[in-house]
Amino acid sequence: MGGIADAWPMSEGDFMMCMSRLLAASLLFVSLSSTGCTLLTGHKQQGTMLMRTSYYSSALSGRRTANGERYNPHELTAAHRTLPFGTRLRLVYPRTGRAIVVRVNDRGPAIRGRDLDVSLLAARRLGMVRGGVVNLYADILE
């Protein structure tokens, strides 16, 4: 009666889910740190980068991208704030293990906290459509 368990604001199941997410995030941070991966993006950095990624909807099809091309949701393209147009990125979605190569042809994303927008085809090939906004590993290809 009136113990700590009565005052706890979440169920045991919710608590376990929070703890497992915290553990997963901690393990990801430790593994990235130990392998020399960089958190967040900057095109002068070498090695694998972790990028918070979303995707363009097909509703934007045909609109001009920053390099003058028209957006085609059926191509493997991406938007990044600073990478030069034409830069090729190898993207890996760790949840599915799928990897693709995209070409930067636009500037963005416009939403704070995101590092990359990919085309609808790229999102489908990676298996990230349901996730919406996900963390991807990215390597700049020479």
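Each value in this text was obtained by applying a stated rule to the coordinates, not by laboratory testing. Not measured: the values here are computed from a predicted model. Every residue, glycine as well, gets a Cβ built from its backbone with ideal geometry; the counts of neighbours run over all protein chains shown.
Between Thr77 and residues 5 or more places away or on another chain, which pairs have amide H atoms under 5 Å apart, with H built 1.01 Å from N, and which residues are they?
Distant-sequence amide H within range of Thr77: Arg103, Ser119, Ala122.
Hey, with R₀ at 22 Å, roughly what FRET efficiency would Phe85 and Val129 work out to, going by the Cβ-Cβ distance, to 0.05? Intermediate results must be reported in sequence, preceding the final value.
Details: r = 25 Å, r/R0 = 1.15.
Efficiency for this residue pair is about 0.30.
Give, as a single signed number, the net charge of other residues whose beta carbon lies under 12 Å from the beta carbon of Arg114, with Lys and Arg counted +1 and Asp and Glu -1.
+1
Quickly work out the Ser11-to-His74 label distance, labels modelled 7 Å from Cα along the C-beta direction, and quote it in nm with one decimal.
Once both label points are built, they end up 4.6 nm from each other.
Identify, among Val129, Ala78, Met51, the residue whose Cα sits farthest towards the positive end of the charge dipole of region 40-141, taking +1 on the Cβ of Lys and Arg and -1 on the Cβ of Asp and Glu, with the dipole about the Cα centre.
Of the listed residues, the answer is Val129.
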